[in-house]
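Working notes for the structure below.
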Amino acid sequence: KQEVTQIPAALSVPEGENLVLNCSFTDSAIYNLQWFRQDPGKGLTSLLLIQSSQREQTSGRLNASLDKSSGRSTLYIAASQPGDSATYLCAPSPYSGYSTLTFGKGTMLLVSP
Amino acid sequence: ETGVTQTPRHLVMGMTNKKSLKCEQHLGHNAMYWYKQSAKKPLELMFVYSLEERVENNSVPSRFSPECPNSSHLFLHLHTLQPEDSALYLCASSQGGAASEQFFGPGTRLTVL
């Protein structure tokens, strides 16, 4: 059974800092991995989807990397802004069956002005 | 309306009530999902439907009954719930199986008294 761990559980940084969120998963037989953000009490917004054959995926100030063999992914946020404050979730998807995502508990990020 | 919508956004019900949650996707996708998000726990997949057929059911209690009348609509019928069922219920959709990106609705915040 896939298990996903996200470190740190919470992070507080001043505006402008670059930061890295970590995600590790126990079963490396994944098809892809998605990063989401969730604002308090709201649904999830997809940030990046990185395929198992890719090493990196970029969108604006966000860069996700994937090392499938070691069961790790990182989300790099450049020049953080207060609007980045949210919980960030990673979710790998298995090879077989439908896109059934397994989620970690997330990293709660607070960026202060 | 665009994306994935859910109604109601908030619901309070007694343990003897019967209610339904509704999800609608406007993305032309062929797979829909129900997730449960409880406090301090990772999101848990409840049900997956593909082309209106249930393809996965993660050992969810029978007091939760899903219905997918067509590829755009998904319901979750609730009856005889327990207070521990209070959670944020999220709907998602995707096009196809593995490697498909999931898009989430805003969720229904359910409180069972």
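FYI, it's all coordinate maths here, none of it is from the lab. Predicted, not measured: the structure shown is a model, and the values here were computed from it. Here the Cβ is made from the backbone with ideal geometry for all residues, glycine too, and neighbour counts use every protein chain on show.
Values computed for the structure shown
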{"read-out": "Flag if A:GLU56 is in contact (Cβ under 8 Å) with a residue 40 or more places away in the chain, on the phi < 0 side of the Ramachandran plot and surrounded by fewer than 21 Cβ atoms within 10 Å (Cβ to Cβ)", "value": "no"}
{"read-out": "Top-ranked residue of the range B:24-35 - restricted to ones that are under 27 Å from A:TYR88 (Cβ atoms) and within 11 Å of chain A (Cβ to nearest Cβ), ranked as surrounded by the fewest Cβ atoms within 10 Å (Cβ to Cβ)", "value": "B:HIS29"}
{"read-out": "Among the candidates A:ALA64, A:ALA10, residue that is within 15 Å of the chain's Cα centre (by Cα), farther than 23 Å from B:SER93 by Cα and in contact (Cβ under 8 Å) with a residue 12 or more places away in the chain", "value": "A:ALA10"}
{"read-out": "So B:GLY105, is it within 11 Å of chain A (Cβ to nearest Cβ), small (Gly, Ala, Ser) and surrounded by fewer than 19 Cβ atoms within 10 Å (Cβ to Cβ)", "value": "no"}
{"read-out": "Matching residues, the range B:69-102, being within 14 Å of chain A (Cβ to nearest Cβ), more than 24 Å from A:PRO94 (Cα to Cα) and either of a type outside the set (Ser, Thr, Tyr) or under 11 Å from the mean Cα position of the chain (by Cα) (or both)", "value": "B:ALA87, B:LEU88"}
{"read-out": "Candidate set from the range B:44-64 (those that are assigned to a loop (DSSP other than H, G, I, E, B) and in contact with a strand residue (DSSP E or B) (Cβ under 7 Å, 6 or more places away or on another chain)); member that is farthest from A:ALA91 (Cα to Cα)", "value": "B:ARG63"}
{"read-out": "Test: A:PRO94 is surrounded by fewer than 16 Cβ atoms within 10 Å (Cβ to Cβ) and of a type outside the set (Ser, Thr, Tyr)", "value": "no"}
{"read-out": "Complete set of residues in the range A:63-113 that are closer than 23 Å to A:ASN18 by Cβ, within 8 Å of chain B (Cβ to nearest Cβ) and not in a loop (DSSP other than H, G, I, E, B)", "value": "A:LEU89"}
{"read-out": "Qualifying positions in the range B:9-55 - over 13 Å from the mean Cα position of the chain (by Cα) and over 16 Å from B:SER86 (Cβ atoms)", "value": "B:LYS18, B:HIS26, B:LEU27, B:GLY28, B:HIS29, B:ASN30, B:PRO42, B:SER50, B:LEU51, B:GLU52, B:GLU53, B:VAL55"}
